[in-house]
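Only one structure is covered here, and it is reproduced in the block below.
The values are calculated or read from the model by the stated rules, or taken from the named source; none is laboratory data. What you see is a predicted model; the values in this text were computed from it and never measured. Please note that ligands, DNA and RNA were not included when accessible areas were found on the heavy atoms of the full protein model with its side chains. Shrake-Rupley method; radii C 1.70, N 1.55, O 1.52, S 1.80 Å.
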Amino acid sequence: MQYIYNMFYKNSRVYPAFAGQAVHRVRTSTINFIGGMMKKYVVCSLMILTLTVLSARGFAGAGTSGAQILQQQNGARAAAMGNAFAGCSGDIAALEVNPAGVHNIEKNEIMLMHVGGFEGISAERLNAVIIAPGLGSVGAQILYRAQPVIDNHVAGEATVNVKDMVYGLSFARPVVAGFSMGVNIKMVVMELGPVDTTALSLDLGTQYEMSRLLTIGLALRNLGTPVKFSEAEDPLPMKVLVGACYTPLEEGRHTLNTVLDVDYLVPEENILLHLGAEYWFRRMLALRMGYEYSANASVNGFSAGVGFRFKAGKVDFVLDYALRPQFWEEEDFETENLFTFSVKF
């Protein structure tokens, strides 16, 4: 045995050269593979950004957008972290931020959300995502929003009811290792007194896992047909957003997630910055906080929230709450309360 060892491992000059070549080939292949994935992600991102810029030119001077129901909060977890969620994955709340984020959900999931307390406007959301083996993640969503009746001061005219609804279908799946894509197709139905209208909307999203602890995401939301009441016509609140989720701490009972998103609202030509953090203890109790900043000062404010997760057999239950104080440019102050209940099975 010692003779064989000396021949092939110690004294031979051929084996070290062969081993060195093999290591070099593996290293080169790995670098090329990672580089190729990054190039694909950059190309897809540039395509989305280019489409957004072209669309922005088409909307130049619009200044406002319709179908504000598409701006509705996406879940208490995201809201508590300043709505920074483009880089988060494995959570049903990602459906309305970056649809690619549901590509790796571990179980089928149903989510119910209630929003109340903001100028009398209330909203209810139902999301569902199921795992289709060999295909990806398939989702559906229903969003209903109502606001106080508008008094009509014209003599003899009735009050005006305002109601909005969104119906949507979603699909997400991994494309190659570390890279995933997702899409939402939505129909918006709006009622303003005796008049109603319908619009179609499309969301496209991508995510790339830079490492086990860092994921970046990019999405284009609310690309579709304009909202038209009688002769008035407004574009959808289209936006492009890029974000990241980084986990600096993941040790035993403790996990810390940090998130950052930057949005560009095309019709309003406005930039929003979202910051947030989330601390988990034993993956059972979560403490969250965040901040949302708008460049045009339309709405800025802190947010905070908590989350609870518990199990009953193979079924997981998640309860999240978020508090969002809002400061408007007229110095008005409102508080928004969000409750989300999810079941994973």
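Tabulated values for the structure
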read-out: Largest to smallest accessible area among Leu95, Leu273 [probe 1.4 Å]; value: Leu273, Leu95
read-out: Pairwise Cα inverse-distance average, inverted: Kirkwood Rh of the range 72-153 (Å); value: 13.9 Å
read-out: Cα convex hull volume per residue for the range 107-250 (Å³); value: 148 Å³
read-out: Exposure rank, largest accessible area first [Thr159, Thr258; 1.4 Å]; value: Thr159, Thr258
read-out: Accessible area in the full protein assembly, largest first, 1.4 Å probe, for Ile150, Ile185; value: Ile185, Ile150
read-out: Residue-level accessible surface for Glu124, protein heavy atoms, 1.4 Å, Å²; value: 70 Å²
read-out: Gain on full stretching of the segment that runs from Phe281 to Thr64 - 0.36 nm per residue minus C-alpha separation; value: 73.9 nm
read-out: From the C-alpha gyration tensor of the range 182-291, square roots of 5λ in Å; value: 36, 15, 13
read-out: Compactness relative to 2.2 N^0.38 Å, alpha carbon Rg of the range 98-139; value: 1.52
read-out: Accessible carbon and sulfur surface of the range 59-149 relative to its total accessible area, %, 1.4 Å; value: 61 percent
read-out: Area of Asp263 that stays accessible when all protein chains are in place (1.4 Å probe, Å², to 10); value: 10 Å²
